[in-house]
Amino acid sequence: MLLQKSGVRCSECGKEAVVFQRHTGRALCRECFINDVVSRVRNEVNRFSMFGAKDNVLVGVSGGKDSYVLIDVLFKIHDPGRMGFVLIEEGIPDYGRLEQAGWVKELAKDSGVDLYVISFKEYVGYSLKELVDLSRRRGLKVSPCTYCGITRRRIMNQLARELGFRRVLTAHTLDDEAQTALMNILRGDLLRLVQGHPAGPLLSPLFVRRVKPLRKVYEVEVATYAYLKGFVFQERECPYIQEMPSLRAQLRKYLYRLEMEAPGSLLRFLERVDELVHGLIPKYSSLPELPRCVRCGEPTAYGRKYCKLCELLMELGINKVPGLREEFTLKHTQ
Ligand SMILES: [Zn+2]
Ligand SMILES: [Zn+2]
């Protein structure tokens, strides 16, 4: 995306261009590129009423470039006084969140945003590594990404609800969203497609709406934005990446190739998904409230007695009920 040759002019303002934006065919200078990303995020936030000016939002941060860009853009479009950050420590060997997220702590301190740090160990009693090891010992075929994704989402939702945040914001990009949407369509799971959409219905009062302001920004644009902002970061790859569920891993490769061959494909695809969901909303909005897990009390799928997280834990022989309890002191820096 960064232009190798010099002397190319910005398609918007005529200054020296530094990036070539493949999906629009434009050469852009640093400022016009950053403004373009910010205004696209602002439009997406407004279009789906992701949050309002008075809403307190809890931002899930990982310490990587995606969360850096999310926060940088949010600071331009929302009041930092109405934000909290949550950093989840999964407990993956050689992949310490806290070491990777030094800048989050600094930023939280400088901007007066509360930072909540919570670990899998506190929440479910086991680190991700311990869950994965238990699972392997039992010969289960559950991907580490499954334990991780479900636990992370649960922690963010419960924390936001108990602290009174109106929204949970995550740094998923267009690439992530296109994979997820295509996966749900291929599996025929339209309920999940609609539920995961920013305009979809909330099927339980226990859910805090989770939105993804970067959902129309390409991963490569996020990386470019971070680079142009001088965000220096050696992003370490999660050691469990090879164990990503195979459908997602394949779609990720396929969509990447598709975008290389036909720039703009993922964006057009996600825009059609938005239309599709728009048409489906009336059908799914009249569904009854989701049942609650008999073990932990959190929402679960229709017809289920236990939630997915409890099922996963019970399968591992873990008796502890997941939850934020009073004895879990939320480390809370300001
Ligand atoms: Zn320009
Ligand atoms: Zn449960």
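Please treat every number below as a calculation from the coordinates, not as lab data. Every value quoted in this text rests on a predicted model; they were computed, and no experiment measured them. Note that we place each Cβ from the backbone using ideal geometry, even for glycine, and neighbour counts take in every protein chain shown.
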**Asked** Against the longest alpha carbon principal axis of the chain, how many degrees, from 0 to 90 and to the nearest 10, is the axis of helix 144-163 turned?
**Response** 90 degrees
**Fill in**
For the chain, longest principal axis from Cα atoms; helix 30-47 axis from its Cα atoms; angle between them, nearest 10 degrees, is 50 degrees
**Complete:** Along the dipole axis of region 12-147 (charges at Cβ: +1 for Lys and Arg, -1 for Asp and Glu; origin at the Cα centre), the most positive-end residue among Tyr126, Pro144, Leu98 is Pro144
**Request:** Can you tell me the dipole magnitude for the chain around its Cα centre, using point charges on the Cβ only (Lys, Arg +1; Asp, Glu -1), in Debye to the nearest 20?
**Result:** 640 debye
**Message:** How long are the semi-axes of the equivalent ellipsoid of region 176-265, defined as square roots of 5 times the Cα gyration tensor eigenvalues? Whole Å, largest first.
**Reply:** 25, 19, 15
**Complete:** Given 10 °C, 1.306 mPa s and a Kirkwood radius over Cα pairs, the Stokes-Einstein diffusion coefficient of region 32-127 in µm²/s is 109 µm²/s
**Fill in**
Ranked from fewest to most other Cβ atoms within 10 Å of their own Cβ, Asp189, Asp175, Asp274 fall in the order Asp189, Asp274, Asp175
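As a footprinting exposure proxy, order Ile150, Ile88 by other Cβ within 10 Å, with the fewest listed first.
Numbers: Ile150 17, Ile88 23.
The order, fewest Cβ neighbours first, is Ile150, Ile88.
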**Request:** Calculate how steeply helix 102-111 sits against the longest principal axis of the alpha-carbon atoms of the chain, using the helix alpha-carbon long axis, and give the answer as 0 to 90 degrees to the nearest 10.
**Result:** 80 degrees
**Message:** Cut-off 13 Å, label point 7 angstrom out along Cα-to-Cβ of Trp103: give me the residues of region 63-95 whose amide nitrogen falls inside.
**Reply:** 63-73
**Fill in**
Amide H neighbours of Arg26 at under 5 Å, excluding residues fewer than 5 places away on the same chain, with H built from the backbone geometry, are Gln21
**Gyration tensor over alpha-carbon atoms, the chain, equivalent ellipsoid semi-axes in Å** = 33, 23, 21
**Request:** Work out the FRET efficiency for Arg268 and Arg187 from their Cβ-Cβ distance, taking R0 = 22 Å, and round it to the nearest 0.05.
**Result:** 0.55
**Request:** Name the long-range amide H neighbours of Arg9: under 5 Å, sequence gap of 5 or more, or other chain; modelled H, no Pro or chain starts.
**Result:** Ala17
**Request:** Kindly count the pairs of lysines across region 75-138 whose alpha carbons are less than 21 Å apart, treating pairs on different chains or eight or more residues apart as eligible.
**Result:** 4
**Prompt:** Mean shadow of region 91-181, computed from the convex hull of its alpha carbons, in nm²?
**Reply:** 7.8 nm²
**Asked** Any idea how far the Cα center of region 138-166 sits from the one of region 259-299, in Å?
**Response** 19 Å
**Prompt:** Kirkwood hydrodynamic radius of region 199-334 from all distinct Cα pairs, in Å?
**Reply:** 19.6 Å
**Item:** Å³ per residue enclosed by the Cα convex hull of region 1-85
**Value:** 112 Å³
**Complete:** Per the helix-only model, the chain has a calculated mean residue ellipticity at 222 nm (DSSP H runs of ≥4, -39500 (n - 2.57) each, divided over all residues, rounded to the nearest 500) of -14500 deg cm²/dmol
